[in-house]
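The values are calculated or read from the model by the stated rules, or taken from the named source; none is laboratory data. None of these values were measured; they are calculated from a predicted model. FYI the Cβ positions are ideal-geometry reconstructions off the backbone, even for glycines, and counts take in every protein chain you see.
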Amino acid sequence: METLMIEATKSSPKIEFNPIQHVLAIKGQSYPENAFKFYEPIFYWVDDYLQAVEDEVTIEVDFVLPYINTSSSKCIMMLLDKFEDAFQNGKKIKLNWYYDKENESELECAEEFQEDFSFPFHIVPRKGD
């Protein structure tokens, strides 16, 4: 399976999903003009990856999302639902959501997402950018 790499733009995050190291990272602002169109190939890749990956492997998901608009938030929720389903079906998922400790709204956003999932979801402070 190929690594999924999408470079960041002003309005979309960098996507770096490495199926060899089992690290899936999304980093940057997320307010693309059409969020579903941006995230759609990511959904397909994750579906394929989750079907192929062995249950013993721990999948690490890293998010650094300083700003997410409403439509991106819905897409992130859809993505997290895929991880929740995989977790419920025996996959090992560990999510790290990094936030700027100077930005209270970033922390609140992470906490809101965290409430909806049962897989290990760590909210981790990072130093300001």
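Which ones in segment 82-106 are of a type outside the set (D, E, K, R), more than 13 Å from residue 64 (Cβ to Cβ) and either out of contact with any Asp or Glu (no Cβ under 7 Å at 6 or more places or on another chain) or at pLDDT below 95 (or both)?
Of the residues in segment 82-106, the ones of a type outside the set (D, E, K, R) are 83, 86-90, 93, 95-99, 103, 105.
With more than 13 Å from residue 64 (Cβ to Cβ) added as a condition, the list becomes 83, 86-90, 93, 105.
Selection gives 83, 86, 87, 88, 89, 93, 105.
Evaluate the following for residue 53: is it touching a helix residue (DSSP H, G or I) at 6+ places or on another chain (Cβ under 7 Å) and β-branched (Val, Ile, Thr)?
Numbers: touching a helix residue (DSSP H, G or I) at 6+ places or on another chain (Cβ under 7 Å): no; β-branched (Val, Ile, Thr): yes.
Against the criterion (touching a helix residue (DSSP H, G or I) at 6+ places or on another chain (Cβ under 7 Å) and β-branched (Val, Ile, Thr)), residue 53 does not qualify.
Going residue by residue through segment 41-53, is there one that turns out to be within 21 Å of residue 108 (Cα to Cα) and modelled with pLDDT of 95 or more? Walk me through how you get there before you give the answer.
Here is the first cut: in segment 41-53, the residues within 21 Å of residue 108 (Cα to Cα) are none.
No; the residues of segment 41-53 include none that is within 21 Å of residue 108 (Cα to Cα) and modelled with pLDDT of 95 or more.
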| request: Identify, from the list 6, 15, 68, the residue that is of a type in the set (Val, Ile, Thr), out of contact with any Ser or Thr (no Cβ under 6 Å at 6 or more places or on another chain) and within 21 Å of residue 109 (Cβ to Cβ). | output: 15
